[in-house]
1. Along the Cα→Cβ direction, 7 angstrom out, place labels at Thr60 and Ser221. What is the inter-label distance in nm?
2. Could you compute the net charge surrounding Asn324? Neighbours are other residues with a C-beta less than 9 Å from the C-beta of Asn324; K and R count +1, D and E count -1.
3. To the nearest 10 degrees, how steeply does helix 12-40 sit against the main Cα axis of the chain, on a 0 to 90 scale?
4. What is the extension gain from Tyr111 to Tyr325, computed as 0.36 nm multiplied by their sequence separation minus the C-alpha to C-alpha distance, in nm to one decimal?
5. Assign unit charges at the C-beta atoms only (+1 for Lys and Arg, -1 for Asp and Glu), then state the dipole size of segment 141-315 relative to its Cα centre in Debye, rounded to the nearest 20.
6. Once phi is turned into θ = phi - 60°, what whole-Hz ³J(HN,Hα) does the Karplus curve with 6.51, -1.76 and 1.60 give for every residue of segment 408-424, x standing for Gly and Pro?
7. Just want the ordering: His284, His502, from fewest to most Cβ atoms lying within 10 Å of their own Cβ.
8. Under a Cβ-Cβ cut-off of 12 Å, what is the net charge of the residues other than Pro417 that fall near it, where Lys and Arg count +1 and Asp and Glu count -1?
Amino acid sequence: MSQFHSRKGYTLLELIISIGASSILVMGLGSSLYLAGQAVAPSETLQTTLNATEVLHNITDDVQNAIYLSEHSDKVIEFVVRDMDGDNSPDVVRYEWSGTPGDPLIKKFNYGSPVEVVEAVENFELKYNTRSTIEDFPPSLISSEEQLLGGFSITAYSSSRTLVVSSGNWPGFYFEPSLPASAEGWTVSKVRLGLSQDDAADNGAFDLQMRTATGSHLPTSNVLEQVRVYEAELPSTIGTKEYAFSTIQGLLPTDRLCGVLAHVTGTYAAKAKYHYSRGEDNLHLVMSNNQGGSWYDEREELLFHEVWGTYYQENGSGMTVTRNYFTGLNASLQIGDSTASNVRTGIPLLNSPESLAGLWEVDFDGDPLGTDINFDNLNDWSLVDGDEFDTDTLTYGVWEANDAVLRTTPAHDFIKPTTIVVRMRATTTGGEGAVFQINADWDGSNALVFRLRAVRQANNTQTFIAEHQATAGVWKEIVKVENLPLDFLEGRVVISPEDMNHAIFVQGNLLDNYNYTRVAADSSKKYASLYESGCDAEFDYVSIRVSE
C-alpha cells in the first residue's frame, strides 16, 4: 500500500519565480492606471485646444448668417443677424480682443454689457474673404454747339436757276454730314433752302420732309420729320428760308438723309434754287415725277440747301465702380501658452454682406428719426431744424414732407463710390418740386453739390431733373425727362469720386454719366437731405450706400 506525504510550502526556486512574475504584473497594472488617468484628466494643451474649438464653433454659429458687418478688423468683428431674441428686430453681435496676450475675448449682444467668452487669450485673429463686382459705365456723350453740318451755301451763284414744286415734280437733295472723326452721332436742328413763290396766286403748299436715304443716294419712304411750307409765306424773289426740326436725333455717323419737297396743294407750290452743274456724288439733286412713287438722281445738279445741327462725342473714359462683398472669414484662436493649442477654422458668410463705409435707408413705415439701419447705435436721420418728427405726416409708408427737411446723420464726406436710390413725387404744381440733395466727395471745403427734382406740370405730368453746381450757388441742368406719370419717380445715381463722374438713372433706365467739378460748399452740411420746395411733395423710399 503506497503512502502519500503533503507539502507544507514552496521551494526557494519557486518563490523567486513567483516574485518576478508579480513584479511584471504590478508594472503592467501601473501603466494601465496611468493611461486611464490621462484619459480622465487630459493634458493642459489638449484641454485648451478643446476650449478654443468650442469657442470658434460658437462664433461660427453666430456669424455665418450675418446680413451686415458694421465693423471688421483683425481683432474685432461686429455684425447684424436676423432676429435671435424673438423681438422681430435684427440683432447686433460683437466679438473683440484687445490684442494684448492674457486679455479676455469679449462678446456683446445688442450693445449690452460685455461678457467674457475666454478669460485669457494668447492670440485671436480674423481674416476676411471677399468677392468683387464691377459696374462699368461707358464714356458720356457731349453735344457740340449748333453748327452747319453740310450742304451748299444758298447765297452762292446768284444767277442759278430754279425748279418748280408741283404734283409731277418733287425735287430734293441727298445729304452727307461733315463730322469730326471722333463723332459718335448727330442731329438735325434746321434746314435752309432758297425759295420763292411761283406766281401771284400763292395758294400752294409743300411738305419739307427729311427722309432716310438708300445706299444709292435716293430717298426712302421713311419720313423722320416734316414741316409744312405755305407759298403765301415765301418771298416773291428767291430768298433764304429756314425751317426747324426737333425730333431728328440719334443719327449714326454713317447715316445719310434726303430732303424732299413733297407737293401738297396748288398748281405750283414754290420755286427752289438749284444749279445745273454743281452736283457731286455726295451732294446732289434727287427727283420724283410720280409723287414719290420712284426716284432718280441727277448727280451733276444741285438743289441749294444747308443742314444745321449738332454732333456728339465721347467725353472722358467713362467710369468703373467696384463693390466688394464678404464671402467668409478665417478665424484663429489660441488660449494656452503652447502654439500647439492654436485652432483655426474657415467660416462661410452665407448672405455675402456688402462691404460698406456708410448706409442710410428708410421706407417711412415709422418715425425715421429712430432708424439705425447701419447699426452703429446712432440715429441715421434728423430734421434740419432739430424738431421732433411729426408722425401724422406718414401714411401707408409714404412721407408728406410738409415743409420739413429730413437729413442724414452723422456728418459724412461721401468720398467713396456712393449709390443713391430715391422714390419721390410732387403732388402740386409750382416751385422746384420734390427734392433730394447731397453734398458729396468732400475735399476740404469743396464738394459735389448735386440734386434730383420731381416737378409736377400743369398738364398732369411730371418732369424729372438732375442738376449739379458747376459754379458755387449756380445750378446747371444735366438731365431733364418730361411727360412722366404722376406716380412716384425713381432716380438712381452712382457717384464715382475717383473718376469725378456720376451716372444717372430714371425709372431704371440709364440716361448717361456726367463729369462734375467740386465747388465751394458749406462744410457744416456734409449730408443728404429730402424736402419739398414751393409745392407739396411725397417721399416713398430712399437708400444711400457708400462702398468701402
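Rule-based calculations on the coordinates, nothing more; no lab input. Everything numeric in this text was worked out from a predicted model, so none of it was measured. Glycine also receives a Cβ, built like all others from the backbone with ideal geometry; neighbour counts cover every protein chain displayed.
1. 7.3 nm
2. On the way: positive: Arg131, Arg323; negative: Glu354, Glu548.
Summing Lys and Arg as +1 and Asp and Glu as -1 gives 0.
3. Once rounded, the angle reads 30 degrees.
4. Numbers: separation 214, 0.36 × 214 = 77.04 nm, distance 2.47 nm.
Gain on extension, Tyr111 to Tyr325, equals 74.6 nm.
5. Numbers: 11 positive and 21 negative charges, 50 e Å.
Value, rounded to 20: 240 debye.
6. Rounded to whole hertz, the list is 6, 9, x, 4, 9, 8, 6, 9, 10, x, 10, 10, 10, 10, 9, 10, 8.
7. On the way: His284 20, His502 27.
So the residues, fewest neighbours to most, are His284, His502.
8. Details: positive: Arg323, Lys416, Arg545; negative: Glu135, Glu354, Asp441, Glu498, Asp499, Glu548.
That sum, taken over residues with Cβ under 12 Å, equals -3.
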